[in-house]
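The block underneath contains the structure these notes are about, expressed in structure tokens.
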Amino acid sequence: MNKSPPQNNREIYVRLLAYLRPYWRVFLLALLCMVAVALTEPVFPAMMKLLLDRGFKTDDQRMVWMIPCGIVLFFALRSVFVFCGGYLMMWLSSRMVTDIRRQMFAKMLLLPSSAYLEQSSGKLISRLVYDVSNLSEAATSVFVSLVRESITAAALMAYLLYLDWKLTLVSLGIGPVIAVVVKAFSRRMRAASRMSFESIRLISHAIEETANAQKVVKIFAGQSQLKHRFWKNTEQFRRAQMKEAIPASAVTPITHVAAAVAIAIITFLALSQTTGQAGATAGGFVSFVTALLMLIAPIKQLTSINTTLQRALAASESVFALLDAPVELDTGTHHLGRLDGHIEFSNVSFAYPGSDRPALSGISFNVKAGKTVALVGASGGGKTTLGALIPRLHGVTGGTIFLDGINIADASLSSLRGNIALVSQDIVLFNDTLEANIAFGANASSTREQVIEAAKAANAWEFIEQLPDGLDTFIGENGSRLSGGQRQRIAIARAILKNAPILILDEATSALDTESERLVQAALSALMKNRTTLVIAHRLTTIERADQILVLDQGRIVESGTHDELTVKGGYYAGLSRLQA
């Protein structure tokens with residue numbers, strides 16, 4: 001998958017904040033709550049000064065109960081602002097994550113087929129689940145801390161300047177030290193975060209692969225091998241986390257030491273009375289030290305957000321790389337109506353990206369509407385690739401494909417694929433009801449009666465009727481609750497319901513037992529009636545009645561004709577026929 005051009009931190013962060021734009025009113029309200037909390041921070045040391053300077057005495061007896069009540073009321077009101085700010089920012093965070101995930105999933109549906117060949121599905125899962133969760137922290141948690149702690153620090157600093165500007169200037173000496181430390185660790189934390197994300201993608205891929213291959217794992221006793229690989233991936237993730245932990249853990253103690261030095265110097269100056277007013281009264285000195293100690297917390301928060309920020313920015317790079325990836329090209333402007341189904345290949349060639357050898361070379365043939373053409377040959381000969389070129393799952397690298405005399409490159413993808421149905425060996429079913437699987441996608445508007453008719457035509461209604469919930473039965477992941485033959489007939493029912501003029505059958509009856517194959521073949525016969533059909537098959541007995549047979553070898557057509565013609569010829573096809581006899 002192509003990656004987007006590198007972006008600097010500011011560009012990435014501005015792009016993240018743009019996702020909060022639709023919710024600016026909520027964001028503004030949350031911001032006001034945070035500002036209110038931050039501005040009230042100096043109130044507590046001011047109270048300490050007032051009480052200490054008066055020696056906890058008052059001539060007005062009403063103050064005896066008004067001051068304690070005021071303290072409770074003040075902190076209760078402040079707590080309301082804290083709660084509202086925190087809740088609203090969490091709401092914004094969840095909305096942003098949801099919006100980005102939806103955008104990523106929508107983009108994933110538009111990616112070209114080559115993008116799925118270049119990366120594992122585990123990597124995509126990791127991006128949508130893990131990376132987005134980390135990304136949200138940059139636009140919410142980091143921003144919250146940045147605004148709240150900056151205003152808190154500014155408010156406390158203003159109060160300190162009011163108490164004693166000379167001592168305050170001394171305390172500012174810790175600023176450059178902290179800034180140098182943060183900058184020194186930033187690049188290392190970003191690199192460690194990238195390594196961490198890559199490691200979690202490997203872990204996701206390993207889990208997904210193991211779950212899908214559990215039968216093979218058990219039969220071939222591959223547990224130890226997979227365990228070792230998973231151990232290696234998790235160790236890589238652990239090491240990446242520890243590389244993140246070193247700078248993240250070092251920032252806080254360095255900040256504390258710098259602050260402690262500043263406080264020690266200030267305490268010395270105040271006690272020796274070498275500077276002015278803060279040390280003039282006990283209340284003033286205690287208030288100054290209290291405010292200074294309170295200043296450490298926001299400074300600590302401001303330095304520690306760098307860890308979260310670098311991790312979030314690394315996640316953002318991954319997320320935006322997917323969002324910026326090129327989508328499937330759809331340059332066609334011609335909207336096809338319902339085609340008759342005349343297919344013509346004219347000197348077509350195709351090579352997979354990065355491959356030294358073309359998968360197809362110089363392919364030319366003609367199929368009249370309503371006829372059946374079969375593709376046979378050894379594995380790797382290019383049969384499945386040829387079938388994938390008709391719906392433009394891959395674009396040809398040479399030559400032209402015509403449907404009813406129209407170059408498919410000039411047709412819009414939606415109208416082109418609307419004329420094509422597919423039944424393959426690798427049946428894809430969804431963890432939904434039988435009805436939803438048959439009435440999928442373009443078939444979604446079909447009535448239940450139409451779904452039942454399609455199921456009957458596919459020889460699937462008999463077993464569907466026997467299920468307790470009938471068409472409302474949930475079939476599990478990829479139809480795991482159905483047998484191979486049942487899954488195949490559901491796929492055929494889906495193709496029947498679509499009623500497309502062009503049908504591609506890719507090994508549709510392989511790996512089935514005899515009874516299942518008989519039922520599936522009968523269903524396929526009904527499906528192929530009055531449709532242009534491209535049959536990809538290893539078993540020659542399934543294509544003997546094809547109107548035309550094309551024999552492919554290493555991406556080229558080496559023979560063509562009917563079953564009888566090719567058998568008499570005694571060439572490649574005849575040899576395959578003898579091997580399967």
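Descriptive notes on the structure:
- Every Cα-Cα pair in region 417-504 was counted, and those over 18 Å apart are 34% of them.
- R201, R448, R194, R578, reordered so the largest accessible area comes first (probe 1.4 Å): R578, R194, R448, R201
- Here the spin labels are modelled as points 7 Å beyond Cα on the Cα-Cβ line, and at T433 and K368 they lie 4.4 nm apart.
- Residue-by-residue Karplus 3J(HN,Hα) for region 428-444, coefficients 6.51, -1.76, 1.60, Hz, glycine and proline x: 10, 10, 10, 6, 8, 6, 4, 4, 5, 6, 6, 8, 9, x, 4, 8, 4
- Net length gained if the chain between R539 and E328 were fully extended (0.36 nm per residue, minus Cα distance): 72.6 nm
- Rule-of-thumb Rg ratio for region 379-432 [Cα; 2.2 N^0.38 Å; N residues]: 1.30
- A 1.4 Å probe over all protein chains sorts I406, I504 by accessible area into I406, I504, starting with the largest.
- In this simple spin-label approximation, A522 and F83 carry label points 7 Å from Cα along the Cα→Cβ vector, and these lie 6.9 nm apart.
- The amide H of G398, built 1.01 Å from its N in the peptide plane, has S349 as neighbours under 5 Å, considering only residues 5 or more places off or on other chains.
- Virtual spin-label span in nm between L467 and R338, 7 Å along Cα→Cβ: 2.9
- Centroid-to-centroid separation of region 533-581 and region 352-370 [C-alpha atoms, Å]: 17
- Per the Cα gyration tensor, region 317-432 maps to an equivalent ellipsoid with semi-axes of 24, 20, 17 Å, ordered largest to smallest.
- Backbone geometry of region 406-420 corresponds, through the Karplus equation with coefficients 6.51, -1.76 and 1.60 at θ = phi - 60°, to 3J(HN,Hα) couplings of 9, 4, 5, 5, 8, 8, 5, 4, 5, 6, 5, 6, x, 9, 10 Hz, x marking Gly and Pro.
- Förster-model FRET efficiency, 60 Å R0, R448 and Y162, C-beta, rounded to 0.05: 0.20
- Residues S133 and L109, FRET efficiency given R0 of 25 Å [Cβ-Cβ distance, rounded to 0.05]: 0.70
- Extension gain, L293 back to R357 (0.36 nm per residue minus Cα-Cα distance, nm): 16.0 nm
- One chain, two ends: E565 and L39. Fully extended at 0.36 nm per residue, the span grows by 180.2 nm beyond their Cα-Cα distance.
- Once the Cβ-Cβ distance of A76 and W24 is raised to the sixth power relative to R0 = 35 Å, the FRET efficiency obtained is 0.75.
The values are calculated or read from the model by the stated rules, or taken from the named source; none is laboratory data. Remember, it's a predicted structure, so these values are computed and weren't measured experimentally. Neighbour counts run over all protein chains shown; Cβ positions are idealised from the backbone, glycine included. To get the accessible areas, we keep the full protein, side chains included, count just its heavy atoms, and leave off ligands, DNA and RNA. Shrake-Rupley method; radii C 1.70, N 1.55, O 1.52, S 1.80 Å.
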